[in-house]
Amino acid sequence: MRIVVMPPFDREFFGGSDRLELEADSLFALVGKLDAIAPGFAAAAESRAAFAVDGVFAPVWSASLAGAGEVILLPRVAGG
Amino acid sequence: MNAPSDQKTFRLVGTRPIRPDGIEKVTGKAIYGPDFVAPGMLHGAVLRSPHPHARIRGIDTRRAEALAGVKAVVTGADFPGGAEGTVAGGETPTDLKYASIKCMARDKVFFEGHAVAAVAATSAAVAEEALKLIAVDYEVLPHVTDIEEALRPGGPILHDDVFTQGLAETPTTPSNASLRFAMTRGDAEQALGAAVEVYTGRFTLQPVHQGYIEPHACVASWQADGQGQIWCSTQGHFSVRAMTAGILGMSIASIRVMPLEIGGGFGGKTTVYLEPVAMLLSRKAGRPVRLAMQRGDIFRASGPAPGAVIDIRLGALADGTLSGADIEFKYNGGGLPGAYEVYSGVMSTLSCYRVPDANVVGWNVLTNMPTVHAYRAPGAPQTYFAVECAIDELARRLGIDPIDMRLRNVLRPGDTDGRGMTLGAIGYAETLEATKAHPHYAAPLGPNQGRGIACGSWGNYGGPSTAAVSLAEDGSILVTEGNPDIGGSRAAMAMMAAETLGIAYEKVRVTVADTSSIGYSMGTGGSRTTFATGMAVVQAAEAVIEIMKQRAAQMLGADAAGIEWRDGAAVLGEQRLSIAEIAAKSGMTGGPISAEAAIHPGGFLPGFGAHICDLEIDPETGHTTVVRYTALQDVGRAIHPDYVEGQIQGGAVQGIGWALNEAYVYDREGHLDNAGFLDYRMPVASDMPMIEAVMIEVPNPDHPYGVKGVGETPIVPPLAAVANAVRDATGLRIGDLPLSPDRIYARLQAAE
């Protein structure tokens with residue numbers, strides 16, 4: 001499964017890498033694996049990150065990633 | 001118009017019933033932030049810095065404390081240390097350290113108006129008098145309010161501990177550039193080199209305020225048992241609770257926040273300025289304390305939208321296809337880090353167009369101004385201003401109709417946006433086609449008049465929401481939501497509940513509950529409430545229907561599986577039990593009937609608008625009059641069209657004000673020169689023609705009634721629509737806002 005890491009997380013946690021290949025059953029599991037690569041990421045993700053699974057915003061991190069091809073990690077955006 | 005013709009029709013959704021809160025509001029009985037009174041309440045006042053940048057060497061409050069009638073004085077020293085980390089009160093995190101400093105300065109003040117001390121006294125007059133007795137020893141420091149001055153080497157650095165985030169290399173020296181954020185796709189330079197036309201320009205905008213009429217105000221009561229209550233006007237009382245608890249080191253459950261009516265927010269009331277201060281005053285005084293800002297305080301000390309400097313190169317092929325873009329913008333972030341408009345600015349830039357090769361870079365720059373805060377589609381109007389002006393220029397050079405050029409490039413369902421998100425049932429093209437077909441677009445123009453077109457988009461949001469639906473004993477329905485009613489949510493929630501239940505709108509009453517009376521609901525922002533909280537209401541109503549079907553089955557001695565719910569009644573063959581009949585027997589069939597839904601939905605879709613602006617310029621004065629304005633928007637499905645049209649009209653007028661008149665004006669000493677509505681010129685009704693709002697309904701299939709957020713999109717297009725109309729009327733491309741009479745007159749004179 002391709003993980004697209006958008007700024008600022010690419011530089012902040014993954015040495016500038018914006019593409020990773022990882023397998024995970026859920027976003028919770030994925031965040032855990034990303035945290036193992038970059039300690040501290042999980043805490044940051046809980047307050048700052050949003051995910052899109054195959055192009056669709058995914059607010060529920062426990063949903064299954066079975067069959068997913070791509071997860072985009074992007075910063076949350078504030079509205080007014 | 002131009003929307004899908006096979007739409008499902010509803011009994012109530014799409015109608016215009018009378019608003020449920022109207023009588024209270026027009027008769028002055030509704031209780032807003034400054035109206036609330038608690039027994040034994042003290043009156044608070046805040047001492048604010050006269051300097052834009054200074055070190056606080058000491059504060060002597062002894063004379064104030066000795067004044068008769070003064071019950072408490074607090075300074076930054078009274079705030080608990082260690083307020084660190086973030087709270088996720090909204091879409092983005094709030095940094096508690098800076099949220100706390102924003103409420104009260106510690107060792108430095110970062111902008112004129114920064115709070116340095118506060119007093120609670122038996123009367124407002126005594127409190128104001130006490131402020132004069134507080135002696136603050138300032139070491140005045142050099143200040144900077146201009147974006148590019150703030151980046152100049154050797155200039156004043158606001159924070160010794162702020163280093164630019166987002167650089168490839170970790171910086172070792174502090175900087176006023178607190179954040180860099182970039183998104184790149186393809187090869188922008190190569191694409192620009194291959195383009196037939198490239199527009200290159202610089203655009204500047206000044207900070208502007210949300211202009212809500214009701215000031216920030218609250219009453220706080222810190223009880224002897226360590227619990228607290230806050231009554232305030234806010235867009236998100238759960239956020240007020242989380243931020244206040246975090247700043248003061250309290251548990252969240254120990255604070256109960258009661259939302260009062262809100263007299264405008266537009267994003268500006270999604271944070272705290274007064275509540276933690278009032279809580280500390282109350283703890284010291286042992287009585288409830290009211291704090292309220294004056295208008296000058298609001299301008300000087302609450303967060304405006306950021307001003308900006310934007311450099312753009314936008315390239316197009318001969319057929320009008322946008323081929324490449326290189327955009328760099330700098331936002332004026334104000335005095336404290338933590339503003340995230342740069343993220344949304346970068347992600348909003350080009351968000352409605354296919355541009356395969358693009359490089360967009362944004363910077364947040366700290367200056368000695370109040371820290372910026374959300375304002376309708378935060379971060380988007382600025383960059384859209386540059387992009388939509390650039391498209392206008394390219395269309396002129398290529399001889400292409402400006403709407404046709406946008407239609408050639410606009411995203412359609414199934415396309416991915418710049419972030420890689422696949423877009424579902426968006427109505428961008430439908431909106432543009434409706435714009436082109438609108439009679440306004442073909443209407444003749446008079447002398448000295450021009451017409452401008454511009455588009456804008458905003459991503460919208462879902463977010464967590466809780467709603468409860470309960471059945472009263474007579475069969476009427478109570479809906480409880482956790483979102484303040486800013487744009488008509490009481491009516492919208494009542495309509496969706498009534499539609500789902502199959503009953504009359506008048507049978508449903510809606511309450512906005514406090515933080516201890518309903519589950520968590522994210523604030524009313526991100527154009528999310530009708531979408532997300534509405535979905536929670538529908539789900540709770542559906543759950544209530546299921547319970548009522550079971551109760552009806554008991555009453556009829558039948559299997560619940562055979563019961564249908566039809567037109568507000570349980571139906572089994574020829575037998576029919578109304579809600580009132582089921583409610584009357586609820587005590588004998590199992591007890592009260594109610595249900596709650598707590599959700600965090602995805603499935604939200606962005607909004608899109610296209611605006612047509614006609615204006616007339618007086619060549620002798622440079623004065624601009626907007627003579628006709630039409631705003632078209634994909635709204636998904638309008639639950640209550642009056643409110644939706646109102647959002648479109650309000651956003652358009654705020655954007656027109658940003659374009660024509662509004663700006664923070666600082667003098668050389670860093671003092672705001674126009675901290676009041678007489679000098680800060682927002683449009684009033686007599687300045688504007690009727691704004692024609694046209695709803696394009698392309699329903700969102702992921703919402704039971706097709707809702708898309710509508711509140712933020714309409715402020716995005718007007719800046720460029722106005723500037724493009726000025727360009728059309730004068731032949732002058734003026735990239736600096738506001739397009740005030742003196743600026744236009746000077747350019748007209750120079751052109752002669």
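The values are calculated or read from the model by the stated rules, or taken from the named source; none is laboratory data. Just so it is clear, the model here is predicted, and its values are computed rather than measured. Quick reminder, even Gly has a Cβ in these numbers, built from the backbone with ideal geometry, and neighbours come from all protein chains shown.
Being crowded, with 22+ Cβ neighbours inside 10 Å and over 21 Å from the mean Cα position of the chain (by Cα) is the filter here; which residues of region B:700-720 pass it?
B:ASN700, B:HIS703, B:TYR705, B:GLY706
Condition check ((1) under 30 Å from B:ASP21 (Cβ atoms); (2) surrounded by 18 or more Cβ atoms within 10 Å (Cβ to Cβ); (3) within 42 Å of the chain's Cα centre (by Cα); (4) in contact (Cβ under 8 Å) with a residue 12 or more places away in the chain) across all residues:
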| residue | (1), (2), (3), (4) |
| --- | --- |
| B:ASP514 | yes, yes, yes, yes |
| B:TYR520 | yes, no, yes, yes |
| B:PHE531 | yes, yes, yes, yes |
| B:VAL537 | yes, yes, yes, yes |
| B:ILE547 | yes, yes, yes, yes |
| B:GLY557 | no, no, no, no |
| B:ILE563 | no, yes, no, yes |
| B:SER578 | yes, no, yes, yes |
| B:LYS585 | no, no, no, yes |
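Counting residues in region B:709-718 that are among the aliphatic types (A, V, I, L, M), more than 30 Å from B:THR9 (Cα to Cα) and more than 14 Å from every other protein chain (Cβ to nearest Cβ) gives zero. Residues considered: B:THR625, B:THR621. Of these, the only one that is free of Cβ contacts under 8 Å to residues at least 12 places away in the same chain, over 22 Å from the mean Cα position of the chain (by Cα) and surrounded by fewer than 16 Cβ atoms within 10 Å (Cβ to Cβ) is B:THR625. Considered as a group, the residues in region B:54-87 that are surrounded by 16 or more Cβ atoms within 10 Å (Cβ to Cβ) and either within 14 Å of chain A (Cβ to nearest Cβ) or among the small types (Gly, Ala, Ser) (or both) include one that is nearest to A:GLY80 (Cα to Cα), and that residue is B:VAL87.
Check whether at least one residue in region A:13-31 is without any contact (Cβ under 8 Å) to a residue 40 or more places away in the chain, among the β-branched types (Val, Ile, Thr), within 7 Å of chain B (Cβ to nearest Cβ) and over 24 Å from B:SER348 (Cβ atoms), and report yes or no.
no
Of all residues in region B:342-378, those that are within 13 Å of chain A (Cβ to nearest Cβ), assigned to a strand (DSSP E or B) and surrounded by 24 or more Cβ atoms within 10 Å (Cβ to Cβ) total 4. Being within 14 Å of chain A (Cβ to nearest Cβ) and free of Cβ contacts under 8 Å to residues at least 24 places away in the same chain is a description that applies to B:THR170. For region A:34-48, does any single residue satisfy the condition of being within 8 Å of chain B (Cβ to nearest Cβ) and over 22 Å from B:THR184 (Cβ atoms)? Within region A:34-48, one or more residues are within 8 Å of chain B (Cβ to nearest Cβ) and over 22 Å from B:THR184 (Cβ atoms). The single residue among B:ASP311, B:ASP319 that is in a loop (DSSP other than H, G, I, E, B), over 23 Å from the mean Cα position of the chain (by Cα), of a type in the set (D, E, K, R) and surrounded by fewer than 24 Cβ atoms within 10 Å (Cβ to Cβ) turns out to be B:ASP319. Screening the candidates B:GLN575, B:GLN539 for the property of being out of contact with any strand residue (DSSP E or B) (no Cβ under 9 Å at 6 or more places or on another chain) and either outside the structural domain of B:ALA638 (by TED's automatic domain parsing) or at pLDDT below 95 (or both) yields one hit, B:GLN575. All conditions in (1) crowded, with 24+ Cβ neighbours inside 10 Å; (2) of a type in the set (D, E, K, R); (3) assigned to a helix (DSSP H, G or I) hold for B:LYS284, with the sole exception of (1).
Restricting attention to region B:332-341, the residues that are more than 30 Å from B:GLY427 (Cα to Cα) and either of a type in the set (Asp, Glu) or away from chain A (no Cβ under 13 Å) (or both) total 6.
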